[in-house]
Structures are given as structure tokens and as C-alpha cells.
Amino acid sequence: MKRRIQDMNVKGKKVLLRCDFNVPVKDGVIIDDSKIVASLNTIDYLIKEGAKIIILSHFGKVKTEEDKVNNSLAPIAAHLQKLVNTKVIFSKQPRSLYLEAKIENMNPGEIVVLENTRFEDVPNKLESNNDPQLSMYWAGLADIYCLDAFGSSHRKHASTYGVAKYIPSCIGFLVQHEIEMLDEYVLNAKHPFTIVMGGAKVEDKVELIESLLPRCDNLLITGGIANSCLHTLGFNVGGSLKTNNPEVLSRIKNILINYKDKIMLPVDAIIGRVYNENFIEHVNIDKIEEDDIIYDVGMKTINKYNEILKNSKTIFVNGTAGKYEDKRYATGTRELLTNIVNSNAIKIVGGGDGVSAVKHFKLEDKFSFLSTGGGATLEYIINKGLPAIDNIADFE
């Protein structure tokens, strides 16, 4: 069992808190602050205990100096100030004498938010390559390190992995909750256990599918993954999104052969046309032509899948059925999610696009658990652990 924040004496201590504040921002305005809100249990606990809180987080991709302009954590720090009952100070650099002075003069319960940790990736990728000197610098700012960024725990970065080697470490309430929920609901799921798998890139999910199939009773496939499966079986999917990677296609073929009794594929689709963006039609899967593009599943597929969903005790959702952001192709994702919430099953969404779709259709309160991780959630399920979490000291 990993050492938890509540197992540490944090009163009056400087706590380096790694959060995941990589939230969607448009024109300087935060579109969805759920990741920030999810960290408040740990932040409020540290405020109440009188700790001096030093927050690290990445934000976006920073590969050049120009990328820094649109990837500052300043709007996130300003938003955090509205959510907490204490002073929030923003440091314009992730390393500086100004930062060190601000930390030195902090009062108990106050917060310093460092600038985007990935600013340290320009030019030498110090953060992403887990540079030991950078890890030691950040560790030297505090007495205790707390990992509360589940969505970044699959990365061996300086701010997630490296710092834990140099000061006493623990996990926060968000990470604890993620582990508890995924262990209970997915790794030890109640049966019948049904997985609804969609999304674009089958390359990213084939390992997850291979890991989950022995543990589940049903796998209902949609989206680009379904297109790749149908292509493997010899169906024409036209210009639809699919993989052409020979190794992945070979793995898909083996999956379809070895688990044919567990897997369901779409029987109809809503399609567009390569040469006509206004074209939309409902067709059976065997009627798709070379210029067609599959954008959604049809009602026959939805009704077929619902027969499985309504008899399931656990349903795990990862990905979407189609291009749900376009109203013309939103029916499949919306109806599948509605059928899921109307079931009596435990309902979990595994991060990323699935969570975005659930929120898009305002169904978040109907699910048992929405994971804050994307790739991290999938890796945790596959490996039953994550590098940054595994690196935290065990409770003695």
C-alpha cells in the first residue's frame, strides 16, 4: 500500500503537490475545470493542515519558445484562486530566485503555482527526460512530495517520477480515489462485465483490448476500432478511419478469432461521402461503397448492443461511437450512453474522449465513476499500476 497524504505530518511543512491541470482552454477561458476541481480535496486538506503548498503541473505541448505563449498556467492559477479560500501566488517561471523567495516568505495554507513544467522541455527536454538535476531542484523546494496527478502518472517525468527519489513521497486523495475505483469496478468487476470500446486509433487500444477480453463477458466495438475490425473481416469500409498497420491488423485478426463469442461489431452505419460533405445516409454494413465514410453507428446496432447492456452488472466505456460533435452523427454515441445510464449496472468511463462525450450530453451525474486519466487509465488497467505511482514509497 502506497503512503497517503493523510499518513504524513504536513502541518507547517512545504508540500510539493503534482496536479494535473491540463484542462481545455479557449481564448484564455477554461472550458472544463473538472480536473482542477478533482484536486481540491487534496488542496483543501493541505490548506486546513497549514501546509505551504507548491503546485506543479504541465499544460499542453511545449516544443518551442513560441509554444510557451499559449501554454502558460497563469489562467489556471487565476481560476484556482476563485476555488480556494487562501492566497494563490503564480510564479512566471518553473525555476527562479523569485520563486524561491516567494516560497520562503509563504504563510501556512498559502499556495504557489509554478509555471508549466514543460517550459523546462525547451530546449533540452529536461522535464520529459526526467533530468535528475531538475528533479533535485524541485525536490529541494519542499519537505514532502505528493502525487495527485493520476492522468500524468504513466509518464516518467521529473515532476511526476524524478522528485519522489529525493524527498519523502505520498499520493493525494485524487490518486487514491482513482486506484480504489478502477480496482473495484474494472480490475475486479461484477459480471456480466461489458466493455463498450470506440474511438479513432486502434493502435493505441489493441493492447487494452487484449488485456480486457479475458476478464470481460462482452466487448461492444464502435468507431474507428470497429472499422478496422470490419476491414480485417473483409468488409468494405470505404474511406472510413481505420488502421493499415500490418502488425495491428494481424493482432486484430487473432482477437476476432479467439474471442468471437464475446465480440460484437456494428451491423449498420450512418455514412457521409468523400466528395460531398452534405451527403448523409443510413446503410447496412455490407452496403458500404468505396467513397463512403462511416461517421456513426445505426439504430440496428444500438438496439443490438442494448440487449447486452441491459443485462450487464458492470459497463466500462472507453471512446465514442462516432463523430458526436457533429449533430448529424451524434445519435449513436448519445443513444448508447443513454442506454448505459438507464441500465442497473455500475457504469465507468475511462477518461479521454469518453468523458468528453458524457459531459457533452450532460450525463456525468448518471455514471458511477469518471476517470480523470486518458492514457493513464488505460495503462493502469493493462499493467495494474503506473510508473509514477509505483515509485511512491510504501506505507510502513
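The values are calculated or read from the model by the stated rules, or taken from the named source; none is laboratory data. Given the structure is predicted, the values throughout are model-derived calculations rather than measurements. All Cβ positions, even for glycine, are placed from backbone atoms using ideal geometry, and neighbour counts span all protein chains on display. Ligands, DNA and RNA are stripped out before the accessible areas are found, and what is left, the full protein with its side chains, is counted by its heavy atoms. Shrake-Rupley method; radii C 1.70, N 1.55, O 1.52, S 1.80 Å.
Can you give me the convex hull volume of the Cα atoms of the range 217-370, divided per residue and expressed in Å³? Mind dumping the intermediate values first?
Working: hull volume 16.5 nm³, N = 154.
Spelled out: Cα convex hull of the range 217-370, divided by residues, is 107 Å³.
Leaving out same-chain residues fewer than 8 places away, which aspartates and glutamates sit with a Cα under 18 Å from that of K287?
D268, D296
Could you work out the per residue convex hull volume over the alpha carbons of the chain, in cubic angstrom?
It is 149 Å³ per residue.
Using a Cα-Cα cut-off of under 16 Å, which aspartates and glutamates could be cross-linked to K310, ignoring same-chain neighbours fewer than 8 residues away?
Partners found: D217, E335.
What number results when the radius of gyration of the range 102-209, computed over Cα atoms, is divided by 2.2 N^0.38 Å?
1.38
From zero up to wherever the largest Cα-Cα distance of the range 175-299 sits, split into 10 Å bins and tell me the percent of pairs in each.
It works out to 13, 40, 29, 14, 4, in whole percents.
For K156, give me every one of the lysines with a C-alpha distance below 17 angstrom, ignoring sequence neighbours fewer than eight places off in its own chain.
Of all the lysines, those that pass the test against K156 - Cα under 17 Å, at least 8 places apart if same chain - are K61, K125, K165, K384.
Can you check what the net charge comes to around N71, using other residues whose Cβ is under 9 Å from the Cβ of N71 (Lys, Arg +1; Asp, Glu -1)?
Values: positive: K61, K68, R118; negative: D67.
Charge balance in the 9 Å sphere: +2.
In whole percent, and with a 1.4 Å probe on the protein chains, what portion of the accessible area of the range 220-346 is carbon and sulfur? Don't skip to the answer; put the middle values down first.
Working: 2870 of 6130 Å².
Looking at the range 220-346 in its full context, I get 47 percent from C and S.
Looking at this model, which pairs from K253/K300; K201/K359; K35/K242; K190/K347; K190/K260; K201/K323 are more than 19 angstrom apart at the alpha-carbon?
Among K253/K300; K201/K359; K35/K242; K190/K347; K190/K260; K201/K323, the Cα-Cα distance tops 19 Å for K253/K300; K201/K359; K35/K242; K190/K260.
Highest mean first, how do 185-192, 297-304, 64-71 rank when packing is the count of other Cβ atoms within 10 Å averaged over residues?
Most protected by this proxy first, the peptides run 297-304, 185-192, 64-71.
In whole angstrom, and with the biggest value first, how far do the Cα coordinates of the range 294-396 range along each principal axis?
Principal extents (Cα only, largest first): 54, 29, 23 Å.
Before anything else, pin down the relative contact order of the chain: Cα pairs under 8 Å, at least 6 apart, normalised by residue count, whole percent.
Across the chain, relative contact order equals 16 percent.
Using a probe radius of 1.4 Å on heavy atoms only, what accessible surface per residue do you get for the chain? Whole Å² is fine. Please list the in-between numbers first.
Values: 17690 Å² over 396 residues.
Per-residue value: 45 Å².
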